[in-house]
1. For Gln111, indicate whether it is in the same structural domain as Asp45 (by TED's automatic domain parsing) and within 27 Å of Trp251 (Cβ to Cβ).
2. In this structure, is Leu193 surrounded by 20 or more Cβ atoms within 10 Å (Cβ to Cβ), in contact with a Pro (Cβ under 7 Å, 6 or more places away or on another chain), under 24 Å from Met468 (Cβ atoms) and not β-branched (Val, Ile, Thr)?
3. Among the candidates Phe134, Phe138, Phe99, single out the residue that is crowded, with 24+ Cβ neighbours inside 10 Å and either assigned to a helix (DSSP H, G or I) or among the polar types (S, T, N, Q) (or both).
4. Which residue is nearest to the chain's Cα centre (by Cα), if the candidates are limited to segment 198-228 and must be more than 29 Å from Arg34 (Cβ to Cβ) and among the basic types (Lys, Arg)?
5. Return yes or no: is Asp362 among the acidic types (Asp, Glu), at positive phi, out of contact with any Cys (no Cβ under 9 Å at 6 or more places or on another chain) and surrounded by fewer than 22 Cβ atoms within 10 Å (Cβ to Cβ)?
6. If we scan segment 407-425, do we find a residue that is outside any loop (DSSP other than H, G, I, E, B), of a type outside the set (Phe, Trp, Tyr), under 30 Å from Glu369 (Cβ atoms) and modelled with pLDDT under 95?
7. Got a sec? Which of Val135, Val180, Val174, Val222 is of a type in the set (A, V, I, L, M) and over 29 Å from Glu479 (Cα atoms)?
8. Within segment 308-332, take every residue that is surrounded by fewer than 24 Cβ atoms within 10 Å (Cβ to Cβ) and among the hydroxyl-bearing types (Ser, Thr, Tyr) and give me the one that is farthest from the chain's Cα centre (by Cα).
Amino acid sequence: MIPHIPGDEFVIERKVRTHLLPVFPAERSPESRRSDFEEVLIGYDEATAPLEAGRCLHCPDPAPCIQACPLHNDIPTALWLIEQGDFLRAAQVFRQTSFLSEICGRVCPPQTCRGSCTLSAYGKPINITKLEAFVADFQRRHGALKIHRAPPTGRRVAVVGSGPAGLTVAEFLVRQGHSVTVFEAMPRPGGLLRYGIPAFKLPKFVVDQKIVDLERLGVRFVTGVRIGQDLTLDDLFAQGYQAVFLGIGTWRPVEPDWEGANLDGVYMALDFLMRANLPPRDLPPEKRERPQVGRRVAVIGGGDTAMDCARTAIRLGAEEVVIYYRRSEAEMPGNREERKKAREEGVRFEFLVAPARFIGEDGRLTAIEFVRMALGEPDESGRRRPVPIPGSNFIVPVDAAVLALGFRADPTIARTTTGLEVSRAGLIRVDEEGRTSRPGVFAAGDGVTGPDLVVTASAAAMRAARAMHAYLMEQPPVEVPEIPPMVEPALA
């Protein structure tokens, strides 16, 4: 393969290095990390990163890692540069296609680029994501991150939501010279990245850095405004915005109908994570009280959010944290590495059990009645359906429970926007380039696909942003209010 960076050519000999052992990124010990919310990952350094990158075989085109990455990062070229110790140019290769390198490098799961690595066949895939995080951080530490903006175009755009999709669109469009305002319902920008991912996986300063990048480019963040409630899309167009992007995510929890699920001490997952992981000033007034976990915590669910909640409960001081899942571990939808970390930190797992009811005294949770399950025929997801075993009920005393049962779309914007088509599940319908049924309105991310990965949201947002740029350039310029860099800094 001939790695390529515009203006440079590298010819290298293809290496067969399947015998080389992986060099794993450093992590904090389970004993040290379970008592705080600091980042678990220590990561690679200038000595270890080239060793890990040097295992790359530089597969001929089409490289499977590039194909598996939703953003199609030029991974072989970046790894070749890391092997040579050219970390700044490697970071720039990743940033040619990804605006969220520091973030994706920390939160992308193994099944993306790393899972497709040819060395996976030998059980030794290259840890691409953590190498990306290393060079992105290295670039920032050395003050080498430069983002350029084109001259103003006189076009105005509103971005609704400041999660991975919204931030991607905001950066793409402001780089093109458009005036961009981001509306965020929460008190601080960042969306899912700030409010849904625990700090021990994604430190909040990493999110803050991205927000500051955009503010310096001239993006304006307006927080504490819920579009569809405080302002409608019609209001935004009336204010002179010529296009609107919806990156609204899926923030509403799937709520169960179990008896007692409304008792004090029973938390929904996102509410639990927000209250536990963020300082009160970053939260709405009604969410500023810390969760009271007591000694024994039950987490209901099997995805990565359940792991986040269980590991958070450990850090809040719970002595016994158990994840209860209605299928076997083989059917769990989450990341195997996240389960490994949870076990290292003391989380236990109980499989093939499901809640029957929540039991309380004086309005507060004291126990959960579970029923044991057996696996029947596959359901629509392809996984075997859990079936209750009659007479297998048992009761477990608990002090708190967290329900990590999934998320769904918020119907507020759909209800208040004429001509916006949504699915039966409330997800926004778009074409391949993110255009909705409403002219001038585009969408991408979890609000379109349902809950998915940060990288897939960013990739879809990138496609929508390109379509928005083309659309905006067809509109006549308008008088755009002058917003100098760092006006009303969202992080002040």
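The values are calculated or read from the model by the stated rules, or taken from the named source; none is laboratory data. Keep in mind that what you see is a predicted model, and the values were worked out from it rather than measured. Note that we place each Cβ from the backbone using ideal geometry, even for glycine, and neighbour counts take in every protein chain shown.
1. Spelling it out, Gln111 is indeed in the same structural domain as Asp45 (by TED's automatic domain parsing) and within 27 Å of Trp251 (Cβ to Cβ).
2. Yes, satisfied.
3. Criteria check complete, one pass: Phe134.
4. Among those that are more than 29 Å from Arg34 (Cβ to Cβ) and among the basic types (Lys, Arg), it is Arg226.
5. Yes, satisfied.
6. Within segment 407-425 (the criterion being outside any loop (DSSP other than H, G, I, E, B), of a type outside the set (Phe, Trp, Tyr), under 30 Å from Glu369 (Cβ atoms) and modelled with pLDDT under 95), the answer is yes, since at least one residue qualifies.
7. Val135
8. The selected residue is Ser328.
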